[in-house]
1. When the Karplus curve 6.51 cos²θ - 1.76 cosθ + 1.60 is applied with θ = phi - 60°, which whole-Hz ³J(HN,Hα) does each residue of the range 57-70 get, with x for Gly and Pro?
2. Translational diffusion coefficient of the range 125-281 at 20 °C, 1.002 mPa s, Stokes-Einstein with Kirkwood Rh over Cα pairs, in µm²/s as a whole number.
3. Hey, what do the phi angles of the range 181-197 turn into as Karplus ³J(HN,Hα) couplings, whole Hz, using 6.51/-1.76/1.60 and θ = phi - 60°, x for Gly and Pro?
4. Got a sec? Charge dipole of the range 68-158, +1 on Cβ for Lys and Arg, -1 for Asp and Glu; which of 106, 95, 144 is way out at the positive end?
5. Enumerate the amide H contacts of residue 97 below 5 Å, restricted to partners 5 or more residues apart or on another chain; note that Pro and chain-start residues carry no placed amide H.
6. Return the loop-located chymotrypsin sites (Phe, Trp or Tyr not before Pro) in the range 131-193 (DSSP other than H, G, I, E, B) with at most 16 other Cβ atoms within 10 Å of their own Cβ; answer none if there are none.
7. When only C-alpha pairs under 8 Å and at least 6 residues apart count, what is the relative contact order of the chain, in percent?
8. Rounded to the nearest 500, what is the chain's calculated 222 nm mean residue ellipticity when only DSSP H runs of at least 4 contribute -39500 (n - 2.57) each, over all residues?
Amino acid sequence: GINYYVMNFQSSTGNGPVIRQLYFRQAMAYLLNQAAVIKGPLRGYGVPTVGPVGSTPATAFLSPMGRRGDPFPFDPAKARALLASHGWTVMPGGLTTCAVPARCGTGIKKGQGLEFGFAYSPSSAQGDWLTEEMTALQSNAAALGIRLDLKPMAFNNVLQLAGGNCVTEKSSCDWDMANWSGGWVFGPDYLPTGETLFQCGAPANSGGYCDKTNDKLIRQTQTSGNLHVLYRWQDYLATRLPVMWQPNYPAALTEIADNLKGVTPQNPTLAINPENWYFVR
């Protein structure tokens, strides 16, 4: 599986044009420190999400580029440079605003500020690592004048708000960013070809990302057994940021009695098979 938070490309709050700018999403990616989240609040029990194909365990489906790790390692200087070079007046601790609309991007107005609503579900079952991640991201963003208005909500409420494509579902698009902490697990459709999550108009494409090149590359993965076709698609999408990659974590840690055998290796989809267990003296 993979883990991510969602930006709403179809947002009706006025922030949709900003979210649709690749440079802005890349700037935000450079502000989320996956390595620090794994080392800190996840206590080492996590792995980076490097794109649309899971990184652990590394399988033949993961491209050589994906095996190199996080495509956007923490780098606030790069984030600031991206904003400044695209016409934004960066105001650390204040509110960064668009100074040159022609460079900021289509639909962005002069003086428009970088302020976003951000719903998330505190992950109490995992020691609430997600709240620590979100507050760190909020702080990192504030240092570049990006305001993230964090709104903790129940898991089901976050899914109700942002768990599906608001245009396809004909639901409200009045939200900017959301994080239910669980991302996506490829099962029972184990082949990670991407049509369920990332094709234009897919119901589970929560942010409404739409890219004709991506759709073409996905179709190629569905009609070819050549792994290089899968690699070409995932390497393209990893840096286009249809969602914002964040650390993936184990759903559970299991303690097993020394004299109970047959439990490992554990099923990667978390199925329990007691018919395989047996005790030894």
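1. In residue order, the calculated couplings are x, 5, 10, 5, 6, 7, 6, x, 5, x, 5, 7, x, 3 Hz.
2. Numbers: Rh = 18.9 Å.
Calculated translational D: 113 µm²/s.
3. Using θ = phi - 60°, the values come out as 6, x, x, 8, 10, 7, x, x, 7, 5, 6, x, 8, x, 5, 5, 9 Hz.
4. Going by the charge dipole, the pick is 106.
5. For residue 97, the qualifying residues are 89, 91.
6. Values: sites: 155, 175, 180, 184, 186, 190; in loops: 175, 180, 186, 190.
Qualifying residues, ordered by number: 190.
7. Working: 511 pairs, mean separation 76.1, N = 281.
Once divided by the residue count of the chain, the mean separation gives 27 percent.
8. Values: 12 runs with 94 residues, N = 281.
It lands at -9000 deg cm²/dmol.
The values are calculated or read from the model by the stated rules, or taken from the named source; none is laboratory data. Because the structure is a prediction, the values reported are computed rather than measured. Quick reminder, even Gly has a Cβ in these numbers, built from the backbone with ideal geometry, and neighbours come from all protein chains shown. In case anyone asks, the SASA skips ligands and DNA or RNA and just uses the protein heavy atoms, side chains included. Shrake-Rupley method; radii C 1.70, N 1.55, O 1.52, S 1.80 Å.
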